[in-house]
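Working notes, beginning with the structure itself.
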Amino acid sequence: MLSNSKNKNPYTSSQLSVLVILRMLIGWHLLYEGLVKLMNSNWSSFGFLMQSEGPLKGFASWVISNSRILYFVDFLNKWALILLGLCLILGLLTRFTSLMAGILLMLYYLNNPPLFDTLETAQGNYLIVNKLLIESVTLIALYVFPTGNIIGLDMFIHYFKRK
Amino acid sequence: MPKKIKKNNDSKNKDKLTREEKMSRRSVIKGLTGVGVLGAFGYLSLKKMADQPAKVNLKEKLGLGDASSIKKRVSDKNKELLRIGIIGFGSRAIDLAKALGYLHPERIKKAKENKTYKEWMAQENLNVSINGFCEVFEDRAQYASEILNNEDQPGGGAKLKLPIKRYKRYQDLLNSDEIDAVIISTPEHQHAQMTIDATKACKHVYCEKSFTRTLQEVYDVYDVVKNSDIKFQLGHQISQSAAFQKAKQAVANNLLGKINLIETTTNRNTKSGAWIRHLQKDGTTKPGSFNNIDWKQWLGNRPEVPFDVKRYYNWSLFQDYGTGILGQLFTHEFDAVNQLLEIGIPKSVVSSGGIYIYKDFREFPDVIQSVFEYPDRDLTLMYSASLGSSNHRGRVFMGKDAKMELGSNVKITPDDNSSKYETIIKEGLASSEYPMFTYPEDDGIDGVSSATTQYYARRGLIDTKIDGKTVDITHLHLKEWINAIRNNGDGKLKGNIDKAFEEGIATQMAHISYMEKRRVEWDPINRKVI
């Protein structure tokens, strides 16, 4: 049987469905973002980092000050999004991936948290809470409620490990 | 009996296996759900990307390639030291000196603070030495010495330590054996005589705009310079920018279709922009008096008048010393159009305007329009200026198929009714609402400079980007002149004497039209303005 203690399904079917759909949606989102950056040879996180305010401002300035570091950061960023997105969709190393993606999005958030000056944007009005923060915490929720071992390639990994 | 039990067990096991098999197949399908989703993603994104390449290739389709098609200026092998003298060390000369590698210590401090120091220090070392200057105002002469004695050397290498001499009269500078070439950055009324004298003294000349103050001077200077061996460069630097070169490519590829109307403009709305420059910020008059300005030398051959600080600082507002907006700002516009399209001297010009905003001591209009007809080229060049509005209107070339705006960058937008671009507009790859090509992508206008500097930056007259580096285009224009002097070839000078002649005539025609309230024509056979 392919079900073992690790693959036991602790969720009701509606809980499982919602969690899996959420995982797929976020995975799709990250994968597309990563692919677009990969295909667009002009893309760089320079613009984003230039506008950094908040706790990560020093780090951002350091990155953009050195073109080699910037290139490296851009490379890591693109591929992280692609790989994390892929793994979330496929349900591969789901817990680890969800946690890493959650941290990555939290880094984006901390680069420009809507504190008290940039409250109104083209995408909405935010006071501390914006979509990045919500998506980041959602990924943490997916880490806490993993589904890859039920609907995902992780199931095969656990099965073969067990065997 | 045991046999019977075994049989029963076998059948039970068989059932179990079947159930397991079924469950395992279901589990496999569950496990591979993600692959299905990924498949859908792949299909949709590939479909989207099938449309994309057409957009990216638009640049190639238009023949405008990538940045590497910008001519890379080859560093000149022959770098014999060139000794330059500057006549007239006012604000323009400060910019010219900076472009040659000389900056005042105070400005260096400021540059270090606002992080432009590194950029300046990356400027190429042209191996020139400004070892002489002539300046009539003591304060400015003092400032000039401080600039020329500064040791910071852009492009590396030690600063050449030739003794710097201040000449009381410009004729002495021209007679000196220690000067090879001169830069003339005095008020307009001195340009002609100084260029003629410098040419006769066998010094190469970089003359700031405008070419001359009067029509007769245009002919006089042309004749002397044309018949000499010196290298002459007129101070219009826009043709050095990367955006300009892309524009030239666009015109060569006939991307605009038949160009029929060119709109050049000036919009300013500050006192300083209107040449009221004799007052400090607090309203007091700037320094300068008969005691520390060699007024007689400053006047040159102009009528003797008592010293007037207004005339000294705001000379472009007086008929005795300049030609107003036309000489100061239209000349840059004309040069841009002429360098791009080689239109030369217009067949006829009509000017109209008045003193509508600044009812002060000025003798020239602050709102003026001039229309230049080119029936041989089937186009009209229009110049429209106001010193009472900062509504930036750009420099627009209108063709049957597209329009091109040339400033600090170049933007080409297709026309709704174009036959050439009908297909790509229909396909949604381009639209008349936004440019289909912009180069460079950001215009690099910073919010820190003064309104006047921003005006020049917007018109593409300050700097350009080459290989990602910001380069001062005045530096490039001077470099072109210096290379020509060293290589002894004349064809490559963009601001050569023939172009200067065309600029001079066109500007004078517009000026005369305004002053005499009539239409002015050019007789190309007799080479006369009628």
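Derivation of every value follows stated rules applied to the coordinates shown; laboratory data play no part. Because the structure is a prediction, the values reported are computed rather than measured. With ideal geometry, Cβ positions are generated from the backbone for all residues, glycine too; neighbour counts draw on all protein chains shown.
Based on Cα coordinates alone, diagonalise the gyration tensor for chain A, multiply each eigenvalue by 5, take square roots, and list the semi-axes in whole Å, largest first.
33, 19, 12
In whole angstrom, how far apart do the alpha carbon centroids of the range A:46-62 and the range B:354-374 sit?
Answer, in whole Å: 48.
Using the Kirkwood radius over C-alpha pairs as Rh, can you work out the diffusion coefficient of chain B via Stokes-Einstein at 37 °C, viscosity 0.692 mPa s, in µm² per second?
Answer, rounded: 125 µm²/s.
With every atom except the alpha carbons ignored, what do you get for Rg and Dmax of the range B:340-431, in angstroms?
Gyration radius and largest Cα-Cα distance of the range B:340-431: 17.6, 58 Å.
Measure out, as a whole number of angstrom, how far apart the alpha-carbon centroids of the range B:269-337 and the range A:76-113 sit.
63
Classify the range B:107-200 as rounded, prolate or oblate, taking a ≥ b ≥ c as the square roots of the eigenvalues of its Cα gyration tensor: rounded when a/c is under 1.5, otherwise prolate if a/b is larger than b/c and oblate if not.
Verdict is prolate for the range B:107-200.
By count of other Cβ within 10 Å, fewest leading, how are B:ASP308, B:ASP472 ordered? Before the final figure, lay out each step's value.
Values: B:ASP308 14, B:ASP472 20.
In order of increasing Cβ crowding within 10 Å: B:ASP308, B:ASP472.
On the first, second and third principal axes, largest extent first, how far apart are the outermost C-alpha atoms of the range B:265-403 in Å?
Principal axes ranked by extent give 60, 33, 24 Å for the Cα atoms.
Taking every residue in B:34-46, how many Cβ atoms of other protein chains lie within 10 Å of its Cβ, on average?
Per residue, the average neighbour count from other chains is 5.
Given a cut-off of 22 Å, name the pairs among B:LYS118/B:LYS465; B:LYS98/B:LYS118; B:LYS499/B:LYS528; A:LYS78/A:LYS161 whose C-alpha atoms lie farther apart than that in the structure shown. Each step should come with its number before you reach the end.
Numbers: B:LYS118/B:LYS465 15 Å; B:LYS98/B:LYS118 13 Å; B:LYS499/B:LYS528 17 Å; A:LYS78/A:LYS161 31 Å.
The answer is A:LYS78/A:LYS161.
Calculated from DSSP H runs of 4 or more alone, at -39500 (n - 2.57) each and per residue, what is the 222 nm mean residue ellipticity of chain B, nearest 500?
Numbers: 18 runs with 200 residues, N = 530.
For chain B, the value works out to -11500 deg cm²/dmol.
Kindly express, to the nearest 10 degrees and within the range 0 to 90, the angle between helix A:131-144's C-alpha long axis and the longest C-alpha principal axis of chain A.
30
Kirkwood hydrodynamic radius (Cα pairs, Å) of the protein assembly as shown? Kindly include the intermediate steps, with their values, before the conclusion.
Details: mean 1/r = 0.0330 Å⁻¹.
Final number for the Kirkwood radius of the protein assembly as shown is 30.3 Å.
Determine the shielding of peptide A:149-157 by partner chains: average, over its residues, the number of Cβ atoms on other chains within 10 angstrom of each Cβ.
4
For chain A, what is the mean residue ellipticity at 222 nm derived from helices alone (per DSSP H run of n ≥ 4: -39500 (n - 2.57); sum divided by total residues; nearest 500 deg cm²/dmol)?
Rounded to the nearest 500, it is -21500 deg cm²/dmol.
Have a look at the range B:192-252 and give its Rg and Dmax from the Cα atoms, expressed in angstrom.
For the range B:192-252, the Cα radius of gyration and maximum Cα-Cα distance read 14.4, 42 Å.
Anything in chain B that counts as a DSSP H helix reaching 30 Å or more along its axis (C-alpha) with Kyte-Doolittle mean of at least -0.5? List them, would you? Numbers along the way, then the final one.
Working: long enough: B:2-31 (42 Å, -1.98); B:33-56 (34 Å, 0.39).
Those that clear 30 Å and a mean of -0.5 are B:33-56.
Whose amide H sits under 5 Å from the amide H of B:LEU279, counting only residues 5 or more places off or on another chain, with H placed in the peptide plane?
Under 5 Å from the amide H of B:LEU279 lie the amide H atoms of B:LYS286, each far enough along the sequence or on another chain.
Please list, in order along the range B:229-236, the HN-Hα scalar couplings obtained from phi with the Karplus expression 6.51 cos²θ - 1.76 cosθ + 1.60 (θ = phi - 60°), rounded to whole Hz, x for Gly and Pro.
9, 6, 9, 10, 10, 8, x, 10
Could you pull out the pairs from B:LYS200/B:LYS248; B:LYS246/B:LYS492; B:LYS112/B:LYS161 whose alpha carbons sit more than 29 Å apart here?
With Cα atoms farther than 29 Å apart: B:LYS200/B:LYS248.
Relative contact order, percent, of chain B when contacts are C-alpha pairs under 8 Å separated by at least 6 residues?
For chain B, the relative contact order is 16 percent.
Using modelled backbone amide H atoms (1.01 Å from N, in-plane), which distant-in-sequence or interchain residues come within less than 5 Å of B:GLY460's amide H?
Correct list: B:SER408.
Highest mean first, how do B:287-299, B:503-515 rank when packing is the count of other Cβ atoms within 10 Å averaged over residues?
B:503-515, B:287-299
Please compute the average number of Cβ atoms from other chains found within 10 Å of each residue's Cβ in peptide B:25-31.
The mean count of partner-chain Cβ atoms within 10 Å per residue comes to 6.
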